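Quick note: the coordinates plus some simple rules give every number you see, no bench work behind them. Since we're looking at a predicted model, the values are computed, not measured.
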Amino acid sequence: MSDDYDYDDYDEYDAEDEEDLEALYVMGMPDAEEVRRNKNKGSVCLTTVLTFLLIPAVVIIMAFSLYGCGMQKLDGDGMVREHFYAQISQDEAKLMMKDDDGHVIVDVRRADEYAKGHIPGAILIPNEEIGTEPPEELPDKNQIILVYCRTGRRSKEASQKLAEMGYVNVYEFGGIEDWTGDIVTDDANGIADGKTASLSFESFDGGGPEFNVEIADESIVSYASRSKYRDPDHGKMHGSGYDEIITFTGVKPGQTTVIIEERSPIADNLDHKYRVTVDDELNVQIEQLSVKEINEEADEGMILKINGEEYPVLWEDNESVEALKELCPLTVRMSKYGGFEQVGSLGSSLPRNDEQTTTDFGDIVLYSGDQIVIFYGSNSWAYTRLGHILADKEIMEEALGNGDVTIELVSE
């Protein structure tokens, strides 16, 4: 079968009709003179026609392969507008970062995640803060914007929102957990303005304690830890001593609780409890609250349940807690109060040592000697501290912020 196409068979485009010849020209087909020549010869190559017809389709396919993410919207004139951003590989992103084209790298994670490590030169614009108004950090909608997060989910959401606001050069390249390039922290990059604070703990290779950091509210403070060997030429041998240095960096003003869990197979297990305060200039202050020996086999603690669900508690070492244990098993009906706490009567008075205290979510205190209070927010008053629930703010708000609850206290 011949690949030539016979124009004589295409009656609506009669080569003798000048208007039809003009129509052929407008459609991008061979011009009139060529048609006349080919008409005398009897045919023209079909591939010439198909080439002109396929070019637009190829262009559309290429566009969608690059800009695979977008959304249709109607503008004020009722016209459909597409808002696209491009998804690229991390290798492509690295190449683009080498160009001196005024691009900006945007990290859309939370501030505490950013502080723990981010791509050099990246600015922080959390996804949750990107709404419908252009961010102040991105005044130029034609600027090349490279967007990433931790895994790639939030970066896609942020890129779509930026595209819908009219940013035309948005490139999303996934999550930092897959990044093989350089990563810096706030301290290394000179971004944090506040004064950091550090804690130091002794350990040694081959059985020395390890340390785990639990921060009640990670939106207030972040941390980084490193091991500093006492002998620089130790070569990491069995028994080499070192200091575990944990440095805290302020993320936003506020107060939270930090637990340093010290665990060792050959020594005592301890929990070190601290109150960490970050001021308006992001300076960090640390106050030690208690050190408690942890012995899982000992019968010295209490189990706390809220509406039947058990929560881990770091109890204070004082006579009020010892007296509370004597009341166990104990069930207390609590009432929500003030939008930040649950309060319930113990039915009897306990020894008290009230001090002016600013509480945080998860704190358990004794009020007026005969009432137990559990906080899911903050308040300042004279209390006796009983303990602290090791859970984050969202968990405490969910457990205590939706109506009255019942708690159970059982001796272990």
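Points worth noting:
- Projected-area average for the stretch 253-412 over all orientations - Cα convex hull basis, square nanometres: 9.8
- Rounded to whole Å, sorted largest first: equivalent-ellipsoid semi-axes of the stretch 143-182, Cα gyration tensor: 20, 11, 5
- Rounded, prolate or oblate (a/c below 1.5 giving rounded, otherwise prolate when a/b exceeds b/c) for the stretch 86-155 by Cα gyration tensor: oblate
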